[in-house]
Structures are given as structure tokens and as C-alpha cells.
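Below is one structure; the comments refer to it alone.
Values quoted throughout were computed directly from the atomic coordinates according to the rules given, and no laboratory measurement underlies them. Given the structure is predicted, the values throughout are model-derived calculations rather than measurements. Counting neighbours? That spans all protein chains shown, and the Cβs are built from the backbone with ideal geometry, glycine included.
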Amino acid sequence: METPKIFESEFRFCLILWEHEPVNSTRLVELCKAQLGWSKATTYTVIRRLAQRGVVKSENATVTALISKEEAQSARLEEMVEQTFQGSIPAFLAAFSRSKKLSREEAAQLQAMIDQYEEE
């Protein structure tokens, strides 16, 4: 199943949800007001829209995520690589490494992932 699209402001909302879930919707309104500057109406609109797309569930005034943070991050990254780098992981990594120097540990982690992929 494909991960539903989560827009930028919705992703910021989800970060709050993932940190506090399961969370009472009244508490979620308070958190969104404090961290995002959102009104009660905005928070409830986002909950409703994400529930319609299968991202969150709201039952008995309790909101929980139906997809994990990792799933959402992966989908967002995949979309960005497809749109910006025509789906090329090497082009993405080349651009990324030009703007951020990898530590030896990060380079070793990437190499381990490549090695594991080649073994499969």
C-alpha cells in the first residue's frame, strides 16, 4: 500500500502527534497552538483531512497515527528524489555530499547498506 501524501504543514503536525500519541484531541489542540500557532479550527481541520486520507485515526477524542514517522519520511524523500533528481539515488547522494560532509561513521553506514543490498 502506498503511503498517503502528507504536506509540509501536516508533517509538522504529525511530528507533534508522533511524539505524544495517543493523545487527546483537546491536548493536541493545545500543543498545536503552542508549537505551530494554530487555532482550534485549523487543528481539527488537519485531523479531519489526515483521517480521510488514512494517515491518522480519531476515535473517542483520541488521535493516533496510522503510519509511522519512518514511513512518512521515506515517502517524502522518495517523492523529492523522484521530482528533483529524476529518481536517481546517485544524483541525490552526489548533491547531498556536496553540501554536507559525511563523517567516517556515516560513510561506513552507507557502505554497509550498499554491501547488504548487493548480498540480497
Tilt of helix 89-99 relative to the longest C-alpha principal axis of the chain, in degrees (0 to 90, nearest 10)? 90 degrees
Which of Leu66, Leu77, Leu110 moves the most in a Gaussian network model of the chain with Cα springs under 10 Å? Leu110
Just to be sure I understand, if you calculate Rg and Dmax of the Cα atoms in Å for this structure, which of (1) 13.9, 46; (2) 13.8, 42; (3) 17.9, 51 do you get? (3)
Round to the nearest 10 and give me the degree value, 0 to 90, for the angle of helix 69-85's Cα axis relative to the longest principal axis of the chain. 60 degrees
Quick one: putting +1 on the C-beta of Lys and Arg, -1 on the C-beta of Asp and Glu, what dipole do you get for region 17-120 around its Cα centre, in Debye to the nearest 20? 840 debye
GNM flexibility winner over the chain from Lys33, Lys101, Lys69 (Cα, springs under 10 Å): Lys101
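If contacts are Cα pairs under 8 angstrom and at least 6 residues apart, what is the relative contact order of the chain in percent?
24 percent.
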The farthest towards the positive end of the charge dipole of the chain, of the residues Gln86, Leu15, Thr26, given +1 on Cβ of Lys and Arg and -1 on Cβ of Asp and Glu, is Thr26
Once the Cα atoms of helix 8-20 and of the chain are each reduced to a long axis, what angle between those two axes, in degrees from 0 to 90 to the nearest 10, is obtained? 80 degrees
